[in-house]
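Heads up: the structure comes next, in structure tokens.
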Amino acid sequence: MNFSRTAVIFVIKKYLFGKPFYTEAVVKNIESASESLPYFETVHSTGLKFTIKIQKDDAVYGLGEAMRGINKKGYIYNSFCADDPNHTEATRSLYGAHNFIVVKTADKLFGAFFDTPAVVTFDVCYSKFDELIITSENENMTVYIIDGDTIYDIVKEFRSIIGRSYIPPMWAFGYTQSRWSYIDKDDVRRVAKGYRDFDIPLDAIYMDIDYMERYKDFTVNDKTFGKLPEFIEEMKEDGIRLVPIIDAGVKIEDGYDIYEEGVKNNYFCTDKDGKPFEACVWPGMTHFPDFLNPEVRTWFGSKYKILTDMGIEGFWNDMNEPAIFFSQNSVDATHEKIKRMASEKFTIDEFNELKYYIGSRQNCDEDYSAFYHNTPSGRFCHKDMHNLYGYNMTRSAGEALEAIVPDKRILLFSRASYIGMHRYGGIWTGDNHSWWSHILNEIKVLPSLNMCGFLYVGADIGGFGCDTTRDLLLRWLSLGIFTPLMRNHAAAGTREQECYLFERPEDFKNIIDLRYRLIPYIYSEYMKAAINNEMMFKPLAFEFPEDKVACCTEDQLLLGDELMIAPVYTQNALGRYVYLPEEMTAVRMRAGELFFTEMEKGHHFVEIAENEVVFFIRKGKAIPLCKRAKCVEELDLSTIELIGPGEEYLLYTDDGFSKDYENPANFRMLKK
């Protein structure tokens with residue numbers, strides 16, 4: 001059943017440059033065009049360069065996971081999957097590579113997808129204030145151009161050619177708790193008990209790398225997590241699922257079956273001499289599975305069955321840019337540099353040079369250029385294929401899980417990604433910090449990720465790195481209750497940030513309770529967005545393109561067709577200014593109760609206490625709320641009521657596990 005907007009006729013053309021590698025990001029057959037690329041001036045040299053004039057009031061949207069604004073004008077972005085937890089406004093690369101943009105000028109409106117696994121730089125009015133300059137390191141690329149009448153329709157058409165977004169089980173929309181690391185079963189029990197004792201809803205607890213035996217994939221530390229199947233069942237009886245991490249690197253260790261199978265069957269990436277490439281990650285020296293090889297994907301993906309057979313129903317894939325701490329080549333080069341510098345007069349300049357050099361050895365170009373993929377299409381240097389690695393690791397898991405548990409949805413999300421991976425899993429937006437600026441960046445990245453097909457997304461609520469604060473965690477939760485993935489996650493050595501550990505835990509309970517009351521709406525909007533290639537989160541500019549204020553408002557988002565959210569993202573704030581592009585109903589949650597205020601179009605200062613949540617229902621719309629529960633499986637949808645000025649709402653509801661997504665019986669019109 002399709003409840004999308006009226007169909008629009010689009011023009012999509014494909015342009016080939018050099019000998020492009022088929023990334024499988026686009027799954028719809030598009031015939032190649034014979035004419036030259038429209039809109040852009042194209043230059044062929046050692047790579048490719050595309051330029052187009054951009055004026056003051058023009059806009060460039062997209063690029064998925066990136067820093068800065070929803071409108072990308074004014075900065076430069078490198079499309080290169082990068083492990084950079086300390087990302088700031090100066091950061092040019094994050095964990096994902098998403099090369100789709102929509103360009104809106106006074107006389108042009110089009111979408112463009114630059115499909116290549118190599119590095120692409122998007123210089124959006126940075127080097128030249130009136131030019132968008134796109135460059136690639138090589139000439140092998142496929143470019144798709146999409147013409148349409150509106151930004152949103154172009155996005156929908158792009159989504160239709162890259163395939164349906166991943167759909168998680170319904171329980172994965174509950175609140176979840178993580179930390180690097182809960183070190184044993186009693187640690188996990190302590191967390192579960194803390195949430196249940198304070199009656200704060202919880203659906204999952206994550207197991208970071210310490211659940212494994214010496215960080216070896218698909219193993220369990222018997223001393224700390226022995227009899228894991230029984231423990232999984234113990235937690236599930238209380239409505240809590242365990243979600244383990246899987247890293248990309250395979251430990252080099254005789255007797256470790258994954259390692260020995262990989263070596264025997266030539267399943268690992270190789271160095272220039274054809275030997276398995278070695279680098280250090282958490283397990284120590286590791287090999288990297290060659291995920292660009294379909295046979296390797298099948299092999300590695302089949303290993304997830306080891307954990308699903310124990311009762312596991314969800315996974316998160318990590319370190320899959322891939323992250324490299326160092327290689328032996330880096331160690332040798334560093335030793336030589338230290339010896340040379342030690343023989344000279346050592347000054348502060350040499351000290352700073354050495355400090356920078358050692359830091360630069362992590363995830364360095366030299367290491368990424370030192371290993372190769374052996375695929376049915378040929379042998380390729382990793383650096384030229386880099387952006388496909390995390391995508392294909394998650395594809396490996398996603399395809400295998402379809403065979404392992406064909407009738408059941410499994411939670412799956414990843415750190416690194418490329419367009420196409422959105423069909424197999426979601427993403428979390430990397431190792432963010434306990435910084436107020438990272439709340440704002442999450443607001444801005446949500447619609448950009450939706451444009452590229454990633455719907456199941458969320459940040460590390462409260463911040464992964466640094467020490468969180470009570471007010472920051474409360475404010476972040478007030479945004480997180482609206483994101484599909486709602487996970488509180490913190491790093492080793494930082495302040496514990498489980499909600500029950502703070503003063504007045506009832507404040508945290510009330511916010512998370514509201515999330516569970518909203519799940520019928522959030523789940524419905526997610527499913528409609530996935531089925532109809534819609535965006536779940538939209539900038540105001542996409543809905544109100546003629547409203548200049550709406551077009552430059554980037555700290556508010558539309559959620560579905562009914563809600564607008566305007567989170568607080570500054571310290572010690574009394575509230576915040578909000579722009580309403582139309583009449584709306586403000587809904588305030590205070591101490592678990594809801595209060596309603598009709599508000600006119602225009603600018604308003606809205607007071608919002610730290611323990612309150614305010615969101616806005618659009619004119620003529622209504623949303624469903626149900627009674628809270630301790631976990632998603634205990635939600636009683638018979639308690640749903642409609643709130644807001646509208647009279648009806650189209651609810652999507654199913655069993656939360658099966659895959660009969662488009663069954664008309666899943667859609668039900670609710671009326672007041």
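I need the calculated FRET efficiency for the pair residue 506 and residue 467, taking r as the beta carbon distance and R₀ as 22 Å, to the nearest 0.05. Can you show the working numbers first?
On the way: r = 23 Å, r/R0 = 1.03.
FRET efficiency, residue 506 to residue 467: 0.45.
Just subtract the alpha-carbon distance of residue 594 and residue 31 from 0.36 nm times their residue separation and send over the number in nm, one decimal. Intermediate results must be reported in sequence, preceding the final value.
Values: separation 563, 0.36 × 563 = 202.68 nm, distance 5.34 nm.
Fully extending the segment from residue 594 to residue 31 adds 197.3 nm.
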Q) Pulled fully out, how much extra length does the chain show between residue 76 and residue 253, if you take 0.36 nm times their separation in residues and subtract their Cα-Cα distance? A) 59.5 nm
Q: With r as the distance between the Cβ atoms of residue 544 and residue 56 and R0 = 30 Å, compute the FRET efficiency 1/(1 + (r/R0)^6) and round to 0.05.
A: 0.95
Q) Cα-Cα over 19 Å: which of 408/627; 53/73; 408/509; 156/538? A) 408/627; 408/509
Q. Given that compact globular proteins tend to follow 2.2 N^0.38 Å, what is the ratio of the alpha-carbon Rg of the range 87-174 to that value?
A. 1.31
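Using the Kyte-Doolittle scale, find the helices of the chain whose mean hydropathy is at least -0.5 and whose Cα atoms extend 27 Å or more along the helix's long axis, counting only whole DSSP H runs.
Working: long enough: 505-531 (38 Å, -0.19).
Helices meeting the criterion: 505-531.
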Q) How about residue 185: which lysines have a C-alpha closer than 16 Å to its C-alpha, ignoring those fewer than 8 places off in the same chain? A) 193, 223, 227, 236
Q: May I ask you to compute the full-extension gain from residue 186 to residue 660, defined as 0.36 nm times their residue separation minus their alpha-carbon distance, rounded to one decimal in nm?
A: 166.8 nm
Q: Take every Cα-Cα distance within the chain, group them into 10 Å bins from 0 onward, and report for each bin the whole-number percent of pairs it holds.
A: 3, 15, 26, 27, 19, 8, 1, 0, 0
Q | Eligible lysines near residue 383 by straight Cα distance, threshold 18 Å, same-chain separation 8 or greater | A | 19, 272, 275
Q) Using a simple charge model, +1 on the beta-carbon of Lys and Arg, -1 on the beta-carbon of Asp and Glu, nothing else, what dipole does the range 276-383 show about its Cα centre, in debye to the nearest 20? A) 120 debye
(Q) Just to be sure I understand the model, the point goes 7 Å from the Cα along the line to the Cβ. What's the resulting residue 351 to residue 42 distance in nm? (A) 5.4 nm
Q.
Sorted from largest to smallest, which semi-axis lengths in Å does the alpha carbon gyration tensor of the range 1-148 give for its equivalent ellipsoid, taking the root of 5 times each eigenvalue?
A. 23, 19, 18
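Test of understanding: express the Cα radius of gyration of the range 558-663 as a ratio to 2.2 N^0.38 Å, with N the residue count. Before the final figure, lay out each step's value.
Numbers: Rg = 15.9 Å, N = 106, 2.2 N^0.38 = 12.9 Å.
Relative to the rule-of-thumb radius for its length, the range 558-663 sits at 1.23.
Since every read-out is calculated from the coordinates, none of them should be taken as a lab result. This structure is a prediction, so every number in the text was calculated from the model and none was measured. Here Cβ is always computed from backbone atoms with ideal geometry, including for glycine, and neighbour counts include all displayed protein chains.
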